[in-house]
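Beneath this line is the structure, given in structure tokens, with notes to follow.
Bear in mind these aren't lab numbers, they're just calculated from the coordinates by the rules spelled out. What you are looking at is a predicted structure, and each value in this text was computed from that prediction instead of being measured. Here Cβ is always computed from backbone atoms with ideal geometry, including for glycine, and neighbour counts include all displayed protein chains.
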Amino acid sequence: MEIPKLNSPLEEQHIDFLKTFAKSCRKSILEMVTNAQSGHPGGSLSSIDYLATLYAFIIGQTGEKVVVSNGHISPAVYSTLAEMGYVDKEEATKTFRKVNSVFEGHVTRDVKGIEYSTGPLGIGVSVAAAYALGDKRNGKDKKTFFTVGDGECQEGQVYEMMNFAKHHKLNNLIGFMDYNKVQLTASLEETQDIDVISTFKGAHWHIIEINAHDFNEIWEALSEAHKIKDKPVMIIGHSIMGQGSDFMQPSGENFKSDWHGKAPSPEEIQEDLEKLTPTEEEKALLETFRKTQVKWHPEESKTPELLSPVGANIGDPITYESDVETDCRTAYGKALLDLAKRNPQIIALTADLKGSVMTKFVCEEFPKQYVECGITEQHMISAAGGFSLDGFIPFASTFGAFMTSRAKDQARVNDINKTNVKMVATHCGVSVGEDGPTHQAIDDMSSFLGFFNTMVVEPADPNQTDHIIRYITAHYGNFYVRMGRHKFPIITKEDGTPFYDKYYEYEYGKSDVIREGEAITIAATGATIHESLMAREMILERHPQISIEIIAVSSISKFDETLVNSIKKTGKVLTVEDHNVNCGLGHQLAAHLFKLGIRPEKFEKIGITEYQLSGTYKDLYGQTGLDKDGIKRRILEMI
């Protein structure tokens, strides 16, 4: 048998082969979920005929990317990869969902041939769209494929992606919807009767409806999809949940959810397993196919170590002189522009806020390195994850409140995938001022503290912002960099020159002694460092004997010896942060000191203790005690 050509009809030998391929996969699917007594057999069985055709006749030749957004159909994916010879079938069937096995309950990129780990519905489609856009911008003549469940299309992120794909004319994006009309708890009609076909039509996708269990129709749909030149394609596969299992299929035909996420007992599927066991001749056919017809084989997924160098050209830092008053977000935009000039793999993604988050500079000078996502923060962060695994260095920017709350799940799944996304959020803390409490991100740093592969950073001033942006460009890993909106003076040394000058070197977790002292340690972040310095000067004017040490803390998830040694020396600590004190710098530092067995004589915190209403940043800093007067009062009380 030779692999068929697109736009040529399948011959009888092709159909017989695909029946054999899918039959063997169906047996593996049932064995996996039965051995594990856990899993999702229904959707795996309803989508396997499409996956078999796609992989056997296209992916095995081209190696094009496939993202399985409905990640719970992992048995179908693992069985397909096994039949292609990419993974060990016996290991997959015996260890599926077992401890220490790579064959997790939802698809994972630890398995060869899987591009991105998915599970929470809606995320994978955004990753696929990023792959497709990346190929278009790099001039690659490749398609990106994705699968999605029909119930999954109730997720808002799917809507975000479908409009993004239409806007960017992703004619190289081909989706397949497993339209079995059943979801976890009941039928699609009973749960939420959405018209998924009209939805994609309304977004101006090219729609192809097929019988998802007819190999001729599947192949004709894939052939037609490759001809479409002006829009993305969605293949709607009318399928039956549990198709091919005499025990499960009747429930699927009646739109019952019995076998969506439930494993059968060995006795219940015994007859199915006997029926689905390939004959010796069929086994030989599959083995010959693997040896002679599969041209592309995936490589092991290799993820760089966190903070390892990525080979970027970071250039020279931009230094803002001492008489300059500007904001960190402008320094971010200028640094990103300089980096984009030097590194074509850098892209800036924004959710309709380029003028606010200052990605406008890249947009204006390097439009091919700018991606406008519209008001789709969830899609933007997942797409950034896809871009990062495709060789880009994505900077995704929006307001802190939207990044860390609305798109937290997407950032979490990127964290699981160990991506390389640079999330830079502006308008954080009450620095936002008049926008009010809905936009004042005061819990944003803590939102990401539970992640294992994402680092949280807050720069001290525009100069350190520049250094930090260059550092995170050159080092692998997800970063969340937060900054406020307002302008404030450059932090200086005692001699009046910029503290964060061209000779400064930033490292993740580094703290800096801005002013030395003996009586008390002020550990501050962001714009509150400047307020702390002014408070110190006010105190010294009247009380020159009071020696105050100011430490600029850049991270609340990693503390260095500089900060710890200062606290050991002074024995008194005042933390200052434009953040919720219950889950930010003060909270984290207290836990860190407790772990080290360090008990300061005094430990107090200044920060946000309740939601604030609208007002200028100066008014709000004064009201919360974050201004120089409030910090001064607290220092004198502690001394």
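Quick notes on this structure:
- Sites listed here are trypsin sites (Lys or Arg not before Pro) in the range 71-175 whose DSSP assignment is loop and whose Cβ has at most 16 other Cβ atoms within 10 Å: LYS98, LYS112, LYS140, LYS142, LYS169.
- Proportion of all alpha-carbon pairs of the chain beyond 47 Å (%): 26 percent
- DSSP beta bridges in the chain [antiparallel fraction, %, rounded to 5]: 15 percent
- Residues of the range 618-639 with an amide N closer than 17 Å to a point placed 7 Å from the Cα of GLU541 along the Cα-to-Cβ direction: 627-636.
- Spatial offset of the range 412-475 relative to the range 93-133 amounts to 26 Å, using the alpha carbon center of each.
- Tilt relative to the chain, helix 41-54 - C-alpha long axis, 0 to 90 degrees, to 10: 80 degrees
- Of the residues GLY625, ILE210, SER532, the one whose Cα sits farthest toward the positive end of the charge dipole of the chain, with +1 on the Cβ of Lys and Arg and -1 on the Cβ of Asp and Glu, is SER532.
- Remark on PHE603: its backbone amide H falls under 5 Å from those of VAL573, a criterion applied only to residues 5 or more positions apart or on other chains, H modelled at 1.01 Å from N.
- Entries in LYS142/LYS166; LYS143/LYS291; LYS23/LYS94; LYS569/LYS618; LYS229/LYS354; LYS558/LYS605 that, when Cα-Cα distance is taken, lie over 23 Å: LYS143/LYS291; LYS569/LYS618; LYS229/LYS354
- Column: log10 I(q)/I(0), Debye, Cα scatterers of the range 12-292, q = 0.11, 0.13 Å⁻¹: -0.57, -0.81
- Computed from backbone phi, the HN-Hα couplings of the range 449-460 come to 5, x, 7, 9, 10, 10, 10, 9, 9, 9, x, 7 Hz, rounded to whole numbers (Karplus: 6.51 cos²θ - 1.76 cosθ + 1.60, θ = phi - 60°; Gly and Pro given as x).
- Cross-link partners of LYS408 among aspartates and glutamates (Cα-Cα below 13 Å; sequence separation of 8 or more within a chain): GLU377, ASP443, ASP444
- Between the range 336-399 and the range 609-631, the alpha-carbon center distance in angstrom: 32 Å
- 28 Å Cα-Cα threshold exceeded, pairs from LYS112/LYS341; LYS422/LYS572; LYS181/LYS231: LYS112/LYS341; LYS422/LYS572
- The chain - mean residue ellipticity at 222 nm from DSSP helices (-39,500 (n - 2.57) per run, n ≥ 4, rounded to 500): -12000 deg cm²/dmol
- Net dipole in debye of the chain [+1 Lys, Arg Cβ; -1 Asp, Glu Cβ; about Cα centre; nearest 20]: 1260 debye
- Residues whose amide H falls under 5 Å from that of THR398, counting only those 5 or more places apart or on a different chain, are VAL424, THR426, with hydrogens built in the peptide plane.
- Long-range HN-HN contacts of GLY175 with modeled amide H, under 5 Å: PHE146, VAL233, MET234, ILE235
- In the chain, taking the dipole from charged Cβ atoms about the Cα centre, the farthest positive-side position among ALA384, THR326, HIS592 is held by THR326.
- Alpha carbon centroid spacing (whole Å) that separates the range 496-555 from the range 206-252: 63 Å
- In this structure, the residue pairs whose Cα-Cα separation is over 31 Å, taken from LYS418/LYS632; LYS5/LYS27; LYS510/LYS632; LYS98/LYS256, are LYS418/LYS632.
- Contact order, relative form, for the range 511-638: 30 percent (alpha carbon pairs under 8 Å, 6 or more residues apart, mean separation divided by residue count).
- Applying the Karplus relation 6.51 cos²θ - 1.76 cosθ + 1.60 with θ = phi - 60° to the range 352-358 yields 3J(HN,Hα) values of 6, 9, 4, x, 8, 9, 6 Hz, where x marks Gly and Pro.
- Area projected by the alpha carbon convex hull of the range 445-578, averaged over all directions, nm²: 8.5 nm²
- In order through the range 597-612: 3J(HN,Hα) via Karplus (6.51 cos²θ - 1.76 cosθ + 1.60), integer Hz, x for Gly, Pro: x, 9, 10, x, 4, 9, 9, 9, 10, 10, x, 8, 10, 7, 4, 9
- Point-to-point label distance, THR277-TRP296, nm (Cα→Cβ direction, 7 Å offset): 3.6 nm
- Each Lys and Arg Cβ is given +1 and each Asp and Glu Cβ -1; about its Cα centre, the range 48-106 then shows a dipole of about 160 debye.
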